[in-house]
Amino acid sequence: MIADGFSLHQPTTTTEAIALAERFRGEARFFAGGTDVLPGLFQRREAPKHLIALERIGELSEFAPDRGHIGSMVHLAALERDAQVRARFTAVAEAARRAASPALRASGTVGGNLLLDPRCLFYDQTAFWRDSVGGCLKTGADVCRVVPSSSRCYAVYCGDLAPAFLVLGASVVVEGPTGRRTIPLEDLYPASGDGKSPFSTGRSDIVVAVELPSGLKVHSSYAKLRPRGAPDFSEASVAVALAVGKQGLEYFRVAVGGVEPRPRLFDELTQPWIGRTPTAEQVHELAAEIVRRVRPVANTSLFTDYRKHVVAHFLRRDIHALLEASAAH
Amino acid sequence: MTKVGNRIPLVDAPLKVAGTATYAGDIARSGMLAGKIVRSPEAHARILSIDVWEAASEPGVAAILTGDRYPVPFGVLPITHDETMLAVRKVRYRGEGVVAIAATSIEAAERAARKVRVEYERLPEYDDPEVSAGPVTEKIHERAVGNTNLQKEVQQSFGPVDEAFRDAAHIVTVRGRFAGVTHAALEPHAVVADFASDGRLTVWSSTQVPHYLHLALSEVLGIPEHRVRVVKPTVGGGFGGKGDPFPHELVAAALSIEAQRPVRIVLGREEVFYLNHGRHPTRNTVRIAADAEGQLRGLDVDALIDGGAASSFGTVTTYYNGVLSVGPYHIPAFRYRGRRAYTNKPPSGAMRAHGSVNTRYSIEVGMDMLAEELHVDPTELRLRNFLPPDTTTLNGFRITSNSVARCLGAARARSEWTSKFRALPLGEGIGVACGFFISGSNSPIHFTPKFPQSTVHLKIDVDGGVTVHSGAADIGQGSDTVLAQIVADVLGVGIDRVRVAAVDTDTAPVDLGSYSSRVTFMMGNAARRAAEAMLAQLRNAAAQITGQPAEKFVAAEDRLSLPDHPEVAVAYLDAVHAAMEHTGALQSSGSYESPRIGGDFKGARAGTSPSYSFAAYVAQVKVDTDLGRIRVKNVWAAFDCGRPINPLLVEGQIEGSIHMGLGQLLGEEMHYRGTRLMNPSLLEYRTISPEDMPEVECLLVGDADPEGPFGAKEAGEGPLPPVLPAVANAVYDAIGIRFLDLPLTPDKVWRAIEARRKEGGLVKPPRPEDHDR
Amino acid sequence: MKLRVNGLEYEVHPPPERLLVDLLREDLHLTGTKRGCEDGSCGACTVLVDREPRHACLTLAHMVEGRDVTTIEGASSSFGLSSLQRALIENGGLQCGFCAPGMVLAVEACLLRGKPTREEIREAIAGNYCRCTGYAKIVDAAEKVVRERWGP
């Protein structure tokens, strides 16, 4: 039940959708599969007066994995099932398969998952619950309930697809009032962002599609920590992509999600390995270094030291496995 | 005898699986309003003022209630009425109802609810039962003991306890810590109340105990009982969570009186968590004394349980935490101190295997530790100490049928225990635990000693259909099916002839409803007697038709015939019609009253039952030592429910109990920070997912119980407690670490593994025969 | 707007904020679709929209305009209960029954995509909460249907 009414708009082009967003600036929000937005409305985390549904914009559902094009309204279920995605972009298919549960994956979209609202034990609660605490940074109060000394929101980015897309070098096509642009996916999650405003896009920007480099030949993986199986959100996730050639690594990227307000690529630590092949010990050290750089806080259900440990474990395990797979290939 | 003992599917399953079974929230009445309860954001506070002026002027609002309108306290136990339908003068937990609104739609009620203004003055909050047990500055309830916030204190001692511990060759001590857990039935509580123009109140509610609700409605609203009618539609799971009369049920009725319209209240999931009445957060200390041969000499149990803000079933829980430890082992000396403290959390209450789970955990882990000290196999230690059948415990429990030793034998054999115990690789393990549980409380809460605990009425009319009226509540466990099986079996008719009427207090004979695993035993006996009384009428008719002696007729396959002369037979329907000739529709009644059992000391009747179920479980696990994840691979669940009336349903109870028990062990937790519940949702309150369920093999081992209907005993709750310690003991076998602080989430397990690695390494515990002697 | 529910066409005029679950339960009186949570974690409201499983509580009514919706009331045919429904009954794959409508449709959605393994059946119902059965008998029932339909 949603007690607050709103107007529903169902534009058929991105231009029309953006114009609506501009017209109702501050009172509108885009609406894709609904699996993240609707619980937000039930819990009154927001109360937009205008919902702009993107479903009827045909372009957004374009799905051409052969040329690396995935429209933002493509459902997670499609990614999970597509043979090409599974073969060429394994991490993406794995990430989709581990998101939520089947019915949610049939509704949930690529764009919605990339822009998943960061989560926190003190935020993903009903209005009654949040009000009884007195709110938090993310809902406009002036204090973080997890790290009281902080002026930045620590809500955790839990989207599954982003780390997988990041290690595969994806870009996103974004359209806004000033036109269309293609940016590297990592630019969607700027370092300056926090759990409250994690994305570089504005309220009138639409993520149109994800584009993966064509010609990419890598092995990739995605691992996710959740307290139990479905439908839990990620409490730490690791994506790895690599390719081994005659001279050692030709491609090597890792990304970590589920521990901080943004998913992070660690190119600065992996790029130096191009042209070489790390030993087991060096992989161990690399994993340790990455874990030293992530800072989860106690706003999910599992201990933070455990979540860091699992990140390291996944990194070691998956890098090893992919090195072997790639070398055997 | 074609129905009893067979795997008969639920009689109401065809409706449920087609979506046409009617649950309380599916009921709509003409002119029905939606009810909404405004809840307290404070955990402990005085109510200074309530302003409903603005809310009342919202469009669509028909009635608004505050606590002072019906301040009559109620509660499931007659001796501890300390709940009110809405808070009166102060609130005692976050989520307690303060104001109720009826409006033309739930949206309108919700909008009005936001306009209610309540001014609170905060009082000291109590979140720690240890603090509540001491002197306090603010009593949560006036009725609490002395200047504390203790709700109940129990002290018991039987046999030479001090001597037992003084002379013991071995003493083990277990200190267990258990988070609270809750029922989390899938159907959120729902109620429809209609106070009609004839002055009669009808309430449809998802309740386990229609007759308690009936009584509470009458007492609180001041309507004579005969003008109150409670109907139980299909109920979407209970597990104890729908066993009390609840505030929202009374509120719906009160709103209907105020608005003169039917009112429906369907709780949201978060509200269900605040309703709670689940298993108590618990700290216990269990000490077991044994002699050098491994014979138990004494047991000393101390339990401090966190009752939250109301009594509910808590006085019983306080007793059960102690008294349900006197089996399945022979205990020659027993001491118990139990304390239940009020805190400012949602009330705790009765949940499946009420009061027995946490003490059982500590005892069974203690038995495992004792076996290790004694250098004996833990199954062997248990075999040495089992109570025999037909005995009396030192606190007066009458034990009749008891196949626990055979249960253990079966679980051991099927699990290949001997080849696995202490012999699996590091990280893999096997563990054992036993248990027992009451088959109905011998002492009814209400109506005693005036009425039988169960009565069943039958009616057969011209169509030959058998209508069954019973006040026992089918909440998904299948009691209607058991009822139909028994009646059909005795009358020798097909089960589809039997129509079990929905529980309706206007027509159903008074009954204690569904809790304490009483239904099969008590209702079953009543049903059998009612059916036998009906059969006597049909036999007489058959005798009149054939001229043969009535008592010689047997009923089977829709006929009454003579076993020695099958050609002498009367069709069922002919017998019915003949019997009806002078009386019209046929009626019969049967009832059950349990025998008087137990001593005459204070609390002597707590835990007494006409019979007990027994269980022995073996579990096998694999612990991921990198990630701390416990994977339960197999459970061999040997269970003595006497002679099962319906093995399909018994298996369902065992598998469901294992799911629920593993949930408490591995992930479920009412997670509080202070008094604040952090996870009031099914997303964050983590039950076991389908992917994490083990393979379960149910081994139904047991002799016919002398007093159970067709030899049956309970199977709804006893299957739960053993699974937690069986898995914990398997984890110890796998990695040599004892876990005494539940739930065993992977992060907690990982920390323990890391600590052990730092201390000198993770190794399997030694085998009994490898100890230096 | 028009939509098809269980093969019948309906014309309805829900307000924008109307959820599919409320449209079904309150406006169309199809109360077989249940509601157990508010966050997509229980699956009691699972229906099929164009043969895909969807949570009716996380779907705006307007989003199914012109679509084909199957609720539990449409899961059986004129021949009676489906083979899956019968298997659930016979195998004890439900107790209180509150999860059954969603469970039936979640499994049907899985069966629509071809022969599943036992593991795939477990995954298919991973978003469907059941507090009674421990899931084993549900998976058994689904496997029975798989055997009937595709052979062992």
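If C:Ala44 satisfies all but one of (1) within 7 Å of another protein chain (Cβ to nearest Cβ); (2) modelled with pLDDT under 95, what's the number of the condition it fails?
(2)
Kindly indicate which of B:Glu759, B:Glu754, B:Glu691, B:Glu717 is on the phi < 0 side of the Ramachandran plot, out of contact with any helix residue (DSSP H, G or I) (no Cβ under 9 Å at 6 or more places or on another chain) and not hydrophobic (A, V, I, L, M, F, W, C). Quick ask: steps written out before the conclusion?
Details: B:Glu754 fails: out of contact with any helix residue (DSSP H, G or I) (no Cβ under 9 Å at 6 or more places or on another chain); B:Glu691 fails: out of contact with any helix residue (DSSP H, G or I) (no Cβ under 9 Å at 6 or more places or on another chain); B:Glu717 fails: out of contact with any helix residue (DSSP H, G or I) (no Cβ under 9 Å at 6 or more places or on another chain).
Only one candidate qualifies: B:Glu759.
Looking at segment B:660-683 only, could you name the residues that are facing chain C (nearest Cβ under 9 Å) and more than 21 Å from the chain's Cα centre (by Cα)?
B:Ser681, B:Leu683
Among the residues of segment B:374-381, is any among the acidic types (Asp, Glu), in contact with a helix residue (DSSP H, G or I) (Cβ under 8 Å, 6 or more places away or on another chain), buried (at least 24 other Cβ atoms within 10 Å of the Cβ) and more than 30 Å from B:Gly97 (Cα to Cα)?
No, because not a single residue in segment B:374-381 is among the acidic types (Asp, Glu), in contact with a helix residue (DSSP H, G or I) (Cβ under 8 Å, 6 or more places away or on another chain), buried (at least 24 other Cβ atoms within 10 Å of the Cβ) and more than 30 Å from B:Gly97 (Cα to Cα).
Looking at segment C:45-63 only, could you name the residues that are surrounded by 24 or more Cβ atoms within 10 Å (Cβ to Cβ) and assigned to a helix (DSSP H, G or I)?
C:Ala56, C:Cys57, C:Leu58, C:Ala61, listed by residue number.
From C:Leu84, C:Leu111, C:Leu94, which residue is within 10 Å of another protein chain (Cβ to nearest Cβ) and assigned to a helix (DSSP H, G or I)?
C:Leu84
Looking only at residues in segment A:60-95 that are open to solvent by 20 Å² or more (accessible area, probe 1.4 Å), closer than 28 Å to C:Asn128 by Cβ and in contact (Cβ under 8 Å) with a residue 40 or more places away in the chain, which one is farthest from the other protein chains (Cβ to nearest Cβ)?
A:Thr90
Inspect all residues belonging to segment C:44-67 and state whether any of them is in contact with a His (Cβ under 7 Å, 6 or more places away or on another chain) and under 22 Å from C:Ala126 (Cβ atoms).
Yes; the residues of segment C:44-67 include at least one that is in contact with a His (Cβ under 7 Å, 6 or more places away or on another chain) and under 22 Å from C:Ala126 (Cβ atoms).
Would you mention how many residues in segment C:114-138 are part of a helix (DSSP H, G or I), of a type in the set (Gly, Ala, Ser) and within 14 Å of chain A (Cβ to nearest Cβ)?
Residues flagged as part of a helix (DSSP H, G or I), of a type in the set (Gly, Ala, Ser) and within 14 Å of chain A (Cβ to nearest Cβ) within segment C:114-138 amount to 1.
Scan B:Ser454, B:Ser479 and give me the residue that is out of contact with any Cys (no Cβ under 7 Å at 6 or more places or on another chain), within 14 Å of chain C (Cβ to nearest Cβ), open to solvent by less than 10 Å² (accessible area, probe 1.4 Å) and of a type in the set (Ser, Thr, Tyr). Don't jump to the end; show me each part of the working.
Numbers: B:Ser454 fails: within 14 Å of chain C (Cβ to nearest Cβ).
Result of the check over B:Ser454, B:Ser479: B:Ser479.
Tell me, yes or no, whether segment B:732-748 has at least one residue that is more than 14 Å from chain A (Cβ to nearest Cβ) and either under 18 Å from B:Ala616 (Cβ atoms) or without any contact (Cβ under 8 Å) to a residue 12 or more places away in the chain (or both).
So far as segment B:732-748 goes, yes, one or more of its residues are more than 14 Å from chain A (Cβ to nearest Cβ) and either under 18 Å from B:Ala616 (Cβ atoms) or without any contact (Cβ under 8 Å) to a residue 12 or more places away in the chain (or both).
Got at least one residue in segment B:437-444 being over 19 Å from B:Gly327 (Cβ atoms), in a helix (DSSP H, G or I) and in contact (Cβ under 8 Å) with a residue 60 or more places away in the chain?
no
Looking at segment B:231-260, which of its residues are acidic (Asp, Glu), buried (at least 24 other Cβ atoms within 10 Å of the Cβ) and more than 15 Å from the chain's Cα centre (by Cα)?
Matches in segment B:231-260: B:Glu249 only.
Pick out the one residue from C:Glu52, C:Glu26, C:Glu65 that is acidic (Asp, Glu) and within 7 Å of another protein chain (Cβ to nearest Cβ).
Answer to the check: C:Glu52.
State all residues of segment A:177-208 that are open to solvent by less than 50 Å² (accessible area, probe 1.4 Å) and closer than 20 Å to A:Leu20 by Cα; if no residue qualifies, say none.
Within segment A:177-208, A:Gly179, A:Thr201, A:Gly202, A:Ser204, A:Asp205, A:Ile206, A:Val207, A:Val208 qualify.
Any residue at all in segment B:716-732 that's open to solvent by 10 Å² or more (accessible area, probe 1.4 Å), under 21 Å from B:Ala184 (Cβ atoms) and either under 24 Å from the mean Cα position of the chain (by Cα) or outside the structural domain of B:Val482 (by TED's automatic domain parsing) (or both)?
Yes: segment B:716-732 contains one or more residues that are open to solvent by 10 Å² or more (accessible area, probe 1.4 Å), under 21 Å from B:Ala184 (Cβ atoms) and either under 24 Å from the mean Cα position of the chain (by Cα) or outside the structural domain of B:Val482 (by TED's automatic domain parsing) (or both).
Against the condition surrounded by fewer than 23 Cβ atoms within 10 Å (Cβ to Cβ), more than 13 Å from chain C (Cβ to nearest Cβ) and basic (Lys, Arg), how does A:Arg98 come out, does it pass?
No; evaluated as a whole, the condition is false for this residue.
Given the conditions (1) closer than 30 Å to B:Ala109 by Cβ; (2) touching a Pro at 6+ places or on another chain (Cβ under 9 Å); (3) open to solvent by 50 Å² or more (accessible area, probe 1.4 Å), and given that A:Glu22 satisfies all but one, which numbered condition is not satisfied?
Status for A:Glu22: all satisfied but (1).
Name the single residue that is modelled with the highest pLDDT among those in segment B:700-715 being of a type in the set (D, E, K, R) and open to solvent by 10 Å² or more (accessible area, probe 1.4 Å).
The residue in question is B:Glu707.
From B:Asp463, B:Asp511, grab the single residue that is surrounded by 22 or more Cβ atoms within 10 Å (Cβ to Cβ) and part of a loop (DSSP other than H, G, I, E, B).
Residue meeting the stated conditions: B:Asp511.
Which condition number in (1) in contact with a His (Cβ under 9 Å, 6 or more places away or on another chain); (2) of a type in the set (D, E, K, R); (3) assigned by TED's automatic domain parsing to the domain that holds B:Gly238 is the one that B:Glu270 fails?
(1)
Take segment C:72-81 and flag every residue that is more than 7 Å from chain B (Cβ to nearest Cβ) and either open to solvent by 40 Å² or more (accessible area, probe 1.4 Å) or touching a residue at least 24 places away in the same chain (Cβ under 8 Å) (or both).
Answer for segment C:72-81, where residues must be more than 7 Å from chain B (Cβ to nearest Cβ) and either open to solvent by 40 Å² or more (accessible area, probe 1.4 Å) or touching a residue at least 24 places away in the same chain (Cβ under 8 Å) (or both): C:Gly74, C:Ala75, C:Ser77, C:Ser78, C:Phe79.
Looking only at segment A:1-59, filter to residues that are of a type in the set (Phe, Trp, Tyr) and more than 25 Å from the chain's Cα centre (by Cα); which one of those is farthest from the other protein chains (Cβ to nearest Cβ)?
So the residue we want is A:Phe24.
If you go through segment B:620-634 one residue at a time, do you hit one that is farther than 30 Å from A:Arg307 by Cα, in contact (Cβ under 8 Å) with a residue 60 or more places away in the chain, more than 14 Å from chain C (Cβ to nearest Cβ) and open to solvent by less than 10 Å² (accessible area, probe 1.4 Å)? I'd like the intermediate steps shown before the answer.
To start, the set of residues in segment B:620-634 that are farther than 30 Å from A:Arg307 by Cα comprises none.
Scanning segment B:620-634 turns up no residue that is farther than 30 Å from A:Arg307 by Cα, in contact (Cβ under 8 Å) with a residue 60 or more places away in the chain, more than 14 Å from chain C (Cβ to nearest Cβ) and open to solvent by less than 10 Å² (accessible area, probe 1.4 Å).
Among the residues of segment A:129-169, what is the count of those that are more than 14 Å from every other protein chain (Cβ to nearest Cβ), among the charged types (D, E, K, R) and not in a helix (DSSP H, G or I)?
The qualifying residues number 3.
Between a residue in segment A:301-318 that is more than 7 Å from chain B (Cβ to nearest Cβ) and any residue that is assigned to a helix (DSSP H, G or I) and among the basic types (Lys, Arg), which pairs come within a Cβ distance under 8 Å, given they are 6 or more apart or on different chains?
A:Asp305/B:Arg751
Keeping to segment A:283-304, report how many residues are more than 22 Å from the chain's Cα centre (by Cα) and either surrounded by fewer than 20 Cβ atoms within 10 Å (Cβ to Cβ) or of a type in the set (Val, Ile, Thr) (or both).
5
Only residues that are outside any loop (DSSP other than H, G, I, E, B) and more than 7 Å from every other protein chain (Cβ to nearest Cβ): list them for segment B:13-22, please.
The answer is B:Leu15, and nothing else.
The values are calculated or read from the model by the stated rules, or taken from the named source; none is laboratory data. All of these numbers come straight from a predicted model, not from anything done at the bench. With ideal geometry, Cβ positions are generated from the backbone for all residues, glycine too; neighbour counts draw on all protein chains shown. All accessible areas refer to the heavy atoms of the entire protein, side chains included, with ligands and DNA or RNA removed. Shrake-Rupley method; radii C 1.70, N 1.55, O 1.52, S 1.80 Å.
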